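The values are calculated or read from the model by the stated rules, or taken from the named source; none is laboratory data. All figures in this text were calculated on a predicted structure; none of them were measured in a lab. Positions of Cβ are backbone-derived with ideal geometry, glycine not excepted, and every protein chain shown enters the neighbour counts.
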Amino acid sequence: MSMEGLKMNMHRITLLLAALSASVVPAFAQRPRGPLIPPASPIEAKLVIPDTKVLPGVPFEMWIDVRNPSDASVCLGLAADMIVRPDGGEPFTISRGGGEEELPYPTLLPESDPEGSAVWNVVLHPHESKTLTLPLLRDLEGPNYFADERLSRPGRYTIALRLDYRFAAYQIPQKSLLPPEFLGPVTTNEVTVERITPTGTDAIVWQRMQELSGGHWMPIGWMSSTAGQTIIREIIAKYADSNYYPYALLAASFGAVDERANNRLLDAMKRFPNSPVRELLQVGAWQTAISGKKGPQAHLDHFEKVKASKRPTTRILVFGREDLPKQSCPPGYDCED
Amino acid sequence: MRRLALFIALTAIAAFPAFAQLSAQIGLDGNTINYTAGGGSTTDTTLCVTNVLLDGQLFGGVGNAAPCTRYPQTINAFYCNSAGTHVISAYAGNSQGKRVQLGPDVTVIVTSPPPAGCNIRDGQIEFGITDYTPEEDRRVLQSNLHTGYPYPHYQALLAKDAVILMSLRTVLDGVQTPGATVTLSLIDPPDPSPYIKGGSGIVQPVPGQRANDNAGPLPILTGTGITDNGNRTYSATSGANGFVEWSLELDPAARAGDNYQILAQATFPDGRIAGGLSGAVTVWKRLFVEKKQMFRRGAPLATDAPVGLKSIVIPDGKIASTGITAFAKNDYVMLLHAPTWGTTKGSSSRGVYQIALNPARFRATAPTNGTGTVTTVGTTAIVGSGSRFTRLKVVDVLTIGADVRFILGITDDTHLTVDRATTSSGIQQAYTVGDPNLVAGTYYVRLTLNRALTERYGREPLVRQNTILTLNDAVIRLTTTGGYGTADYYDVDTTAITMPPLGSQFANPFSAAYTEYIVLPTQAGSTPAPRMVLTNSKLAQQFIDKWLYLPVPRAVPSTDPDQLESYRYDTAPNHQLLLVGDADDADVTKGGSNGFLSAAIIGERASVLNRGFVEWAVTSQTTSIYQASADTVLRRTAAHEITHQWWVNNAVFGNLDHCHPEVAYDSATPYPAAGTPPAGLRFCLMSSPSAGPTMPAPWNSSVLIPMVEYKYRDGFTSYHITQLPAGWNSEYLGIRRTLDPWKP
């Protein structure tokens, strides 16, 4: 959480405290930001949500394929608000980065790796395409749109993202600071996600999530709350047949590095082959493989599978930015690459 | 009480023996108390004031300008004393509130009543604690939870939490007289805080003073011969020398700032009566802070670095926010190692090396199957079959079974030596070549050192993801060859947190909330934490848990075989953590905060300052604190972030514990509209910048900046007080009303 922020864009706000404050949302926080200039950008942005049927109370991956069809360079802002239309409910916008009291903008395009600096605005050259990603972050700590419990419950949610200019210097959006290549915000297409009504053991787990969180279950940051820690332990100990099981393994990766952890991940991969997070289980299996029975060979085998992944959300987590050109050798360095 | 003690300021220049810092004796008249205090040598040359107290009451002192190599000496006398027992004490102090007792207390017996010229007649009550008693001596701490820190003077007589020893003497015609019947009544006097009572220069609305305004219940009085009458009053009979003593015991629900006085009425055996009011004693909290500095330049290790290896691998990237941002040949570096997760805290070990060659950048590749097979016998020797070891390099990594080993020597195609013995024996085993800790396709930098490592450094083994380096051992760059100095690490002025100089309790936010902060000295043998870019996440708190001394690992009971998240780190009650860090983004120009509250692990909390970011921000016209003093901003930010640990605003304002729209209680103007800040404006220390007004940047009037942030440069640290429908609201009151002890 950024308590003393100077800028609007990089505030790191704890999920715990966001949850604590969820019940008291003053008028000046979480306000959607109006565009400074009308949308006139030619950039096309296609939102992809690979898993459109998901359990309630879990995060899901997204990415955006952007393309500049024009013959001119155009600046695309990477400050993304999420616009949500729930079936039967009032539409709402999950606004990010508007000040030190708000959650930071999720990183859509890292400078190199997803744990490092983010690109704030990107210039797309004529006819250039890029893929922007919103992977599930380590220990299910992000993306932080899911710090909003309104995205948690069973039901259908039609989602779009609006990409606007991300100001580097001031909290206050100002026209005079916009580069000429910026032609306005870009809104993606809408994608509808169904949070299924769970049954069987899944229903029991979802019920427990509700009980433990007082009806305010947040899909991410499970380890940041007593409720989350409790549900992880209960799922692993009592509800291992639940489709929440893979999520529990991912939410508590710290310390789970030995052969037993590897076995669990392998077991989960077998039992939940269609889980939306199956590729992340695969990544975990690779990361813990050396501790497993098959040691280095399993490590190689898992890596080959990870390497074959087509999901940009998986690839960005494991390999970082793969589209970057080779870096020049810094002065005073010897470069082997 | 009506004590007429006079003293003559007779300051002697002559040196005074160190073994007699305080002496006192009765004069020839049997009533005057002559004393000599101070004069001894001191190594702390700031202790330039000598104060002398009679029966705990400060009657004056003598001071010199700093620096002083000797405590100022004073030779004075007290006149018009009651006949009986008196205690003289002395201490040396400085403007920062430090006090050193000068010699042991001296007890004297005045044998003659005060002479007629003193005009002391009839009955009197002499309290041990009066309004002349130094305020800091008559505090009663709810708890004092760190060894080595004495209680305030009167509480130290019992040395117990939440109890203070009080006394009085019944005096008749100038003679301490036993046998008086004494009634003690508990009084709740008005709160003297300026944010309550207002006062000169305070124009913001304040509640106003009133009696019986304590937030907690009244204490009880106990002691030998003290009888509880049940109606806030107690009875006793004065003993020898008219002495009555009792303990004032706080209720567990007492709140900081609650204050009490004792109204006493004495009836002497001859029927004469006397009355008096004690000085107020006030409830205080005492908090302890571990402050940890962070090295300015450095990087985490990307992989393990075993004993015998002459190189280390770090991620390719900036090693500092500003200035020199890369390692170079001939740099002196220090490797830092902290205990691995969950193990007992101790001194972090370290080693100084020099970079012998140009840093070498390389791009990691995934491990590949090794040629042939290997045989291991549980030693460091590896024997190959069909292998081509001469195509490998020292520093390459082999993985054989679950063993990951670094090659330290290659003899020929079939014989090599690794850094550690293998864990098992086996023949014709497959193996891979390549470091599994490195991310394929990612750039790294190898630093070749001037000598082989004498200690193992490496990754935090409990972290699964090889992209996460935060908890690894680290290397830092030194500015000199002989170890590290103040230029090598970030630090912060904590004087806005700790006690202000004597007499200005309300100058600082926590002391104004009757909460005493003590910054603990650096743990012996420890170093600053390694340079790391931290954001508010579990990793930041885990980094703090690992490198700060106070958090203690606790195994979490679990039936789970993996012991998921198997350790928590506990910081003792009334202890808080403060890390003076660098920035929250590897690219400082994208930094987002001057500091943040780390709270991503339930039950753990710490304040983090981003000094590297602030130092950059004050040089950049793109920020609101351009041209401000980084020291001033950070001094304020330290108080701001520590305030967040109390989390007193959120329930009222939401807004992640910031207030809006509030100015400080001592602001000369109300909350402003957008535009140029009015003169005398002081925002509340916890004001929300983003919700606040804007102003044209003075250095570029075409852009607007948040006024609240702009005003950080003033360094003001006062809180607000405001009347809301639920009552008066203030961080002062919130902190005061938080039950002791504080816990994260």
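Can you tell me which condition residue B:655 does not meet? The list is (1) surrounded by 23 or more Cβ atoms within 10 Å (Cβ to Cβ); (2) in contact (Cβ under 8 Å) with a residue 60 or more places away in the chain, and all the others hold.
(2)
When residues of segment B:58-90 are filtered for being at pLDDT 90 or above, outside any loop (DSSP other than H, G, I, E, B) and either surrounded by fewer than 19 Cβ atoms within 10 Å (Cβ to Cβ) or not charged (D, E, K, R) (or both), how many remain?
13
So residue B:191 passes all but one of these: (1) in contact with an Asp or Glu (Cβ under 9 Å, 6 or more places away or on another chain); (2) not in a loop (DSSP other than H, G, I, E, B). Which condition number does it fail?
Result: residue B:191 fails condition (2) only.
I want to confirm something. Restricting to segment B:100-115 and keeping residues that are in a strand (DSSP E or B) and not polar (S, T, N, Q), which single residue is farthest from the chain's Cα centre (by Cα)?
Let us first name the residues in segment B:100-115 that are in a strand (DSSP E or B), namely B:100-101, B:106-110.
Then drop every residue that is not not polar (S, T, N, Q), which leaves B:100, B:106, B:108-110.
Details: B:100: 21, B:106: 35, B:108: 40, B:109: 43, B:110: 45 Å.
The residue in question is B:110.
Take residue B:477 and tell me if it is buried (at least 19 other Cβ atoms within 10 Å of the Cβ), in contact with a strand residue (DSSP E or B) (Cβ under 9 Å, 6 or more places away or on another chain) and either over 30 Å from residue A:250 (Cβ atoms) or more than 14 Å from every other protein chain (Cβ to nearest Cβ) (or both). Don't jump to the end; show me each part of the working.
Values: buried (at least 19 other Cβ atoms within 10 Å of the Cβ): yes; in contact with a strand residue (DSSP E or B) (Cβ under 9 Å, 6 or more places away or on another chain): yes; either over 30 Å from residue A:250 (Cβ atoms) or more than 14 Å from every other protein chain (Cβ to nearest Cβ) (or both): yes.
Judged against the criteria, residue B:477 is a match.
Output the number of residues of segment B:540-584 satisfying the condition of being part of a strand (DSSP E or B), at pLDDT 95 or above and within 14 Å of chain A (Cβ to nearest Cβ). Let's see the steps before the verdict.
Residues of segment B:540-584 that are part of a strand (DSSP E or B), as a first pass: B:552-555, B:567-570, B:575-581.
Subsequent filtering for residues that are at pLDDT 95 or above retains B:575-581.
Checking which are within 14 Å of chain A (Cβ to nearest Cβ) leaves us with B:578-581.
Residues meeting the conditions: 4.
Sort out which residues of segment A:211-225 are away from every other protein chain (no Cβ under 14 Å) and either aliphatic (A, V, I, L, M) or in contact with a Phe, Trp or Tyr (Cβ under 7 Å, 6 or more places away or on another chain) (or both), and write them in order of number.
Step one: filter segment A:211-225 for residues away from every other protein chain (no Cβ under 14 Å), giving A:211, A:214-217, A:219.
Scanning segment A:211-225 gives a single hit, A:219.
I'm trying to understand the selection: among the residues of segment A:56-65, which are surrounded by fewer than 24 Cβ atoms within 10 Å (Cβ to Cβ) and assigned to a strand (DSSP E or B)?
A:63, A:65
Counting just the residues of segment B:677-723 that are within 13 Å of another protein chain (Cβ to nearest Cβ), among the aliphatic types (A, V, I, L, M) and in a strand (DSSP E or B), which one comes out farthest from the chain's Cα centre (by Cα)?
If we take residues in segment B:677-723 being within 13 Å of another protein chain (Cβ to nearest Cβ), among the aliphatic types (A, V, I, L, M) and in a strand (DSSP E or B), then B:703 is farthest from the chain's Cα centre (by Cα).
Wholly within segment B:220-317, which strands (runs of 3 or more DSSP E) include no fewer than the required count, namely at least 1 residues that are within 30 Å of residue B:190 (Cα to Cα)?
Numbers: elements: B:220-222, B:233-237, B:243-249, B:259-267, B:273-277, B:281-295, B:298-300, B:311-315.
Correct list: B:220-222, B:233-237, B:243-249, B:259-267, B:273-277, B:281-295.
Does segment B:645-657 hold any residues that are part of a loop (DSSP other than H, G, I, E, B) and over 19 Å from residue B:497 (Cβ atoms), and which are they?
Here is the first cut: in segment B:645-657, the residues part of a loop (DSSP other than H, G, I, E, B) are B:647-649, B:654.
Within segment B:645-657, just B:654 meets the criteria.
Which residues, taken from segment B:658-674, are in a loop (DSSP other than H, G, I, E, B) and within 14 Å of chain A (Cβ to nearest Cβ)?
Residues satisfying the conditions are B:658, B:660, B:661, B:662, B:671, B:674.
Among the residues of segment B:415-435 satisfying the criterion of being part of a loop (DSSP other than H, G, I, E, B) and surrounded by fewer than 18 Cβ atoms within 10 Å (Cβ to Cβ), which is modelled with the lowest pLDDT?
Residues of segment B:415-435 that are part of a loop (DSSP other than H, G, I, E, B), as a first pass: B:419-424, B:430-431, B:434-435.
If we keep only those that are surrounded by fewer than 18 Cβ atoms within 10 Å (Cβ to Cβ) as well, we get B:420-421, B:423-424, B:430.
Details: B:420: 94, B:421: 96, B:423: 91, B:424: 80, B:430: 93.
If we take residues in segment B:415-435 being part of a loop (DSSP other than H, G, I, E, B) and surrounded by fewer than 18 Cβ atoms within 10 Å (Cβ to Cβ), then B:424 is modelled with the lowest pLDDT.
Just to verify a result, which residue in segment B:439-467, among those that are in contact with a Leu (Cβ under 7 Å, 6 or more places away or on another chain) and of a type in the set (Val, Ile, Thr), is farthest from residue A:318 (Cα to Cα)?
Checked segment B:439-467; the qualifying residue farthest from residue A:318 (Cα to Cα) is B:448.
Would you confirm, using the coordinates I've provided, whether residue A:136 is buried (at least 23 other Cβ atoms within 10 Å of the Cβ), farther than 23 Å from residue B:601 by Cα and touching a residue at least 60 places away in the same chain (Cβ under 8 Å)? Break it down into steps so the answer makes sense when it comes.
Details: buried (at least 23 other Cβ atoms within 10 Å of the Cβ): yes; farther than 23 Å from residue B:601 by Cα: no; touching a residue at least 60 places away in the same chain (Cβ under 8 Å): yes.
Considered against the rule, which asks whether it is buried (at least 23 other Cβ atoms within 10 Å of the Cβ), farther than 23 Å from residue B:601 by Cα and touching a residue at least 60 places away in the same chain (Cβ under 8 Å), residue A:136 comes out as no.
Given (1) out of contact with any strand residue (DSSP E or B) (no Cβ under 9 Å at 6 or more places or on another chain); (2) modelled with pLDDT of 95 or more, identify the lone condition not met by residue B:513.
It fails just one condition, (1).
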